[in-house]
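Q: Please read through the structure below; I'll follow up with questions.
The values are calculated or read from the model by the stated rules, or taken from the named source; none is laboratory data. Computed from a prediction, not measured in an experiment: that's the story for all the values here. Backbone-built Cβ (ideal geometry, glycine too); neighbour counts: all protein chains shown. Only protein heavy atoms, including side chains, enter the accessible area calculation; ligands, DNA and RNA are left aside. Shrake-Rupley method; radii C 1.70, N 1.55, O 1.52, S 1.80 Å.
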Amino acid sequence: MLHDKIWYLRHTFLFLLPLILHFLPYSSASQSPFTLLHPVAIHLERIHARLSLYSLVHSAAQRNPELRNNAGQYWETMEKESTLGRESRDVKTEAERLGMGFEEKANGKAERKWKVREEASHIVDNMVEVLKGLKAVMGQRPPPPPSPPTDNGDSVDEGR
């Protein structure tokens, strides 16, 4: 008896489903790729501006003796910590376990190749290719329509 009721409800649902779907409004999920690339382009422009200013900030920090000493101490500390991290066996085994190892072993002998650095350079190369494609795509867009002329009183009246 319960099986028959469930079977009846199933058939009723499957009969009504197409009718319900027919009367639902369409989704407006179809987006242009340009709308998806615009935030990426804005973000990349911000990154480019920050990287362009880096050399100026570095130069300014080097001109001030106190900032120069603080920066030097900071980078010395970072170098010590990174050296300790790279030389730690625990860090090396964990990195190998995650597939982001520091060294590749060829013929049983460890080489000083940084897999993480190679992967990062590969990612950067891919990003450069995407940016080239983005520039090409953005260059193919039609130019924006001209703005309507504004009369600011500088025009010469030809009727006189």
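Q: Compute, for W7, the solvent-accessible surface of its heavy atoms (probe 1.4 Å) with the complete set of protein chains present, and express it in square angstrom to the nearest 10.
A: 140
Q: Still on this structure, please answer the following. Can you work out the FRET efficiency for the pair Y74 and V128, with r the C-beta to C-beta distance and R0 = 30 Å, to the nearest 0.05?
A: According to the calculation, E is roughly 0.50.
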